[in-house]
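Student: This is the structure I want to talk about, given as structure tokens.
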Amino acid sequence: MTDVLDDREVDERLPAGWERDEDEIVRTFEFDAYLDGVGFAAAAGGLAQEAFHHPELTIGWREVEIRLTTHDAGGITDADLELAGRFNGLRE
């Protein structure tokens, strides 16, 4: 099982744009059009499947919220931070 990171580790390693919400990390990505967000969510879903680590994705009007946690570990792990960084890379 993957180890849950302590608060200091999460704070130090949290990728740009992400915030902590208790046992999850969360970021809302904004877009110029609804379909841009849908396309981003599809790409994010592909990365998540590749990593076999599945976030909660919420598609709204011109935004996509992503929430990451490692359920079987009971908190935030390396896998969450690594995938968050990969999601950021989709917008670069």
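Student: How compact and how long is segment 7-89, expressed as Rg and Dmax of its alpha-carbon atoms in Å?
Tutor: 12.3, 37
Student: Please identify the longest segment of the chain free of exposed chymotrypsin sites (Phe, Trp or Tyr not before Pro), where exposed means a DSSP state other than H, G, I, E or B and no more than 10 other Cβ atoms within 10 Å.
Tutor: The answer is 1-51.
Student: Please determine, in degrees from 0 to 90 and to the nearest 10, the orientation of helix 34-51 with respect to the longest principal axis defined by the Cα atoms of the chain, where the helix direction is its Cα long axis.
Tutor: Around 40 degrees separate the two axes.
Student: Moving to a separate point now. Using modelled backbone amide H atoms (1.01 Å from N, in-plane), which distant-in-sequence or interchain residues come within less than 5 Å of Thr77's amide H?
Tutor: Leu5, Thr70
Student: Sticking with this structure for a sec: Give me the dipole magnitude in Debye, nearest 20, for segment 7-89 about the Cα centre, with unit charges on the beta carbon: positive for Lys and Arg, negative for Asp and Glu.
Tutor: In debye, rounded to 20, segment 7-89 gives about 280.
Student: Let me ask something else about it. For every other residue with a beta carbon closer than 13 angstrom to the beta carbon of Glu56, add +1 if it is Lys or Arg and -1 if Asp or Glu, then tell me the sum.
Tutor: Here the charged neighbours net out to -3.
Student: Quick check on the chain: helices-only [θ] at 222 nm, where DSSP H runs of length 4 and up contribute -39,500 (n - 2.57) each and the sum goes over total residues. Nearest 500, please.
Tutor: -12500 deg cm²/dmol
Student: Taking neighbour Cβ counts within 10 Å as the exposure measure, how do Asp32, Asp78, Asp3 sort from fewest upward?
Tutor: Neighbour counts put them in this order, fewest first: Asp32, Asp3, Asp78.
Student: Any idea how far the Cα center of segment 57-84 sits from the one of segment 10-36, in Å?
Tutor: 8 Å
Student: How much net charge surrounds Ala33 when only other residues with a Cβ under 12 Å from its Cβ are counted (Lys, Arg +1; Asp, Glu -1)?
Tutor: For residues surrounding Ala33, the net value is -3.
Student: Using a 7 Å offset from the Cα along the Cα-to-Cβ direction at both Arg20 and Ile59, what is the distance between the two label points in nm, to one decimal?
Tutor: 3.2 nm
Here, each number is a calculation from the coordinates, and none is a lab measurement. Predicted, not measured: the structure shown is a model, and the values here were computed from it. Cβ: placed from backbone, ideal geometry, glycine included. Neighbour counts: every protein chain shown.
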